[in-house]
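Shown next, in structure tokens, is the structure this report addresses.
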């Protein structure tokens, strides 16, 4: 009864959770900019003239940020940039189709609010 049980030490493989990043820390800002610009692009796609340049900037910074330690942020920024290009393209095509099918469409919309 007076013995205290002490478990045997177990050899565990080293954890990779706290592993330091292997990328270039001087390029971390590019991955962060890619993410921020990609998020801004989610609003900018509503105006195709703004959506395309913002999305292209997100993609460029995402590609450059892939060599950084924050590679996950660069991948998310790339994905958001691609989504924004797709949404801007759909918005531009729909606007062109509606504009060509009914030239007075914009006037009818504006007259409803005035």
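The values are calculated or read from the model by the stated rules, or taken from the named source; none is laboratory data. Keep in mind that this is a model prediction, so the values were computed, not measured. All Cβ positions, even for glycine, are placed from backbone atoms using ideal geometry, and neighbour counts span all protein chains on display.
Once the stretch 70-109 is narrowed to residues that are surrounded by fewer than 18 Cβ atoms within 10 Å (Cβ to Cβ) and assigned to a loop (DSSP other than H, G, I, E, B), the residue that is modelled with the lowest pLDDT is 103.
Hey, any hits in the stretch 20-29 for a residue that's at pLDDT 90 or above and in contact with a helix residue (DSSP H, G or I) (Cβ under 6 Å, 6 or more places away or on another chain)? So far as the stretch 20-29 goes, no, none of its residues is at pLDDT 90 or above and in contact with a helix residue (DSSP H, G or I) (Cβ under 6 Å, 6 or more places away or on another chain). Whether a residue is crowded, with 22+ Cβ neighbours inside 10 Å and either within 15 Å of residue 88 (Cα to Cα) or within 10 Å of the chain's Cα centre (by Cα) (or both) was assessed, and residue 42 does not pass this test. Limited to the stretch 45-67, what total is found for residues that are over 12 Å from the mean Cα position of the chain (by Cα) and surrounded by fewer than 22 Cβ atoms within 10 Å (Cβ to Cβ)? Going through the stretch 45-67 one residue at a time, the tally reaches 10. Contact annotation: residue pairs with Cβ atoms under 9 Å, 6 or more positions apart or on different chains, pairing a residue in the stretch 19-41 that is on the phi < 0 side of the Ramachandran plot with a partner that is surrounded by fewer than 14 Cβ atoms within 10 Å (Cβ to Cβ) and at pLDDT 80 or above, are 31/72.
Just to be sure, is residue 15 surrounded by 11 or more Cβ atoms within 10 Å (Cβ to Cβ), modelled with pLDDT under 90 and part of a loop (DSSP other than H, G, I, E, B)?
It is false that residue 15 is surrounded by 11 or more Cβ atoms within 10 Å (Cβ to Cβ), modelled with pLDDT under 90 and part of a loop (DSSP other than H, G, I, E, B).
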